Amino acid sequence: MAIKVGCFALINPFQTLDKQVDQIREWGFKYADITDNADGACLGSHFGFNAVASLDANAFDLKRLFESRGITITSVCAHATLLDPSAPWRYGTAQIVKAIRMAAAIGVEHVITTEGDAHTEFGENLTDDEAIFSIREKLHEPLRMARDYGVKILLEPHGKYTDSIKQMERIIDACNSDALGINLDTGNLWLGGGDPIAMIKKLGSKIEHVHWKDLPQEMEEQRGKLYGCGMSLISLGTGVVGIEEIYKELVKAGYDGHSTLEIAGQDSVLESYKYLKSLGAE
């Protein structure tokens, strides 16, 4: 079986989720994710200028929205704040739990999260041991729930700790849960100073989803200093991340699961899709 390619469901600014999925269908994709979400109601979604899905919505309404366009949901994104102190205004454990319930209800196997950059003095001043404990503590109940609900939480390289193979291993070992895996983000990992090939070789059995990004040469200066970027602005195969080598290493490791293009701009999205198909993707 081939690696399956889907699209980030946040491709046009100031458009509602149904319009995003319409565009994804028109581009010829079969797969997408629930990309942006929040608790409760969202004014922007109600008045028609953003694509935020409510974690408190009837999950089956979301499933019907995607399925009516012939699109399969492959993951629910739940990128959290796992280093800063818990607070009602910070996306964290409570939202991950809701994402798990949503995913389980509609048969989506993966909820994707990460530690995120610290935005408080508290988070910025954690020692490595304290940071690992903070991540472990905030994921403890979500992982218990995920196991019971038959869902996997996937940690994405998108921060100081998840961009490091050594620290990613420490997190996985500390959490000690078979409900925890990895979402390999090619651009984020490279940008944070990590090596995607090395992560596949070391932790390939834990990788259950992939986010595709390539980055331009001028971002070399920011490597190891900047953790994570929402989308790539260039087509896959035109940057310095080494997408072809990463793809081949994933195939070598036996990976044939779902992946998502996190690419901005119609031409770059379609060229990236074509590029991955040329490597053997679906």
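The values are calculated or read from the model by the stated rules, or taken from the named source; none is laboratory data. Please read these numbers as outputs of a predicted model, since none were measured by experiment. Cβ: placed from backbone, ideal geometry, glycine included. Neighbour counts: every protein chain shown. Note: accessible area is taken over every heavy atom of the protein model, side chains too, but ligands, DNA and RNA are not part of it. Shrake-Rupley method; radii C 1.70, N 1.55, O 1.52, S 1.80 Å.
To make sure I understand the rule: partners must be lysines, Cα under 22 Å from the Cα of residue 19, and not fewer than 8 residues away in the same chain. Which ones qualify? Of all the lysines, those that pass the test against residue 19 - Cα under 22 Å, at least 8 places apart if same chain - are 30, 63. Full extension of the chain between residue 67 and residue 245 gives 60.7 nm of extra length, using 0.36 nm per residue less the Cα-Cα distance. The reciprocal of the average 1/r between distinct C-alpha atoms defines the Kirkwood hydrodynamic radius, which for region 93-217 equals 14.8 Å.
Summing Lys and Arg as +1 and Asp and Glu as -1 over all other residues whose Cβ lies under 11 Å from the Cβ of residue 281 gives a net charge of +1.
For residue 252, the aspartates and glutamates whose Cα comes closer than 16 Å to its Cα, not counting residues fewer than 8 places off in the same chain, are 208, 244. In whole Å, what is the distance between the alpha-carbon centres of region 63-78 and region 95-118? If you average the Cα positions of each part, the centres end up 14 Å apart. Here the sum of -39500 (n - 2.57) over DSSP H runs of 4 or more residues, divided by the residues of the chain, equals -11500 deg cm²/dmol at 222 nm, to the nearest 500.
Taking Cα centroids, how far is region 224-277 from region 127-204 in Å? Cα centroid to Cα centroid, the span is 20 Å.
The Cα atoms of region 1-88 cover 42, 34, 25 Å along the three principal axes, with the biggest extent listed first. A convex hull fitted to the Cα coordinates of the chain yields 120 cubic angstrom per residue.
On a per residue basis, the chain carries 45 Å² of accessible surface, using protein heavy atoms and a 1.4 Å probe. Straight-line cross-link reach from residue 225 at under 16 Å between alpha-carbon atoms covers these lysines, not counting any fewer than eight positions away in the same chain: 160.
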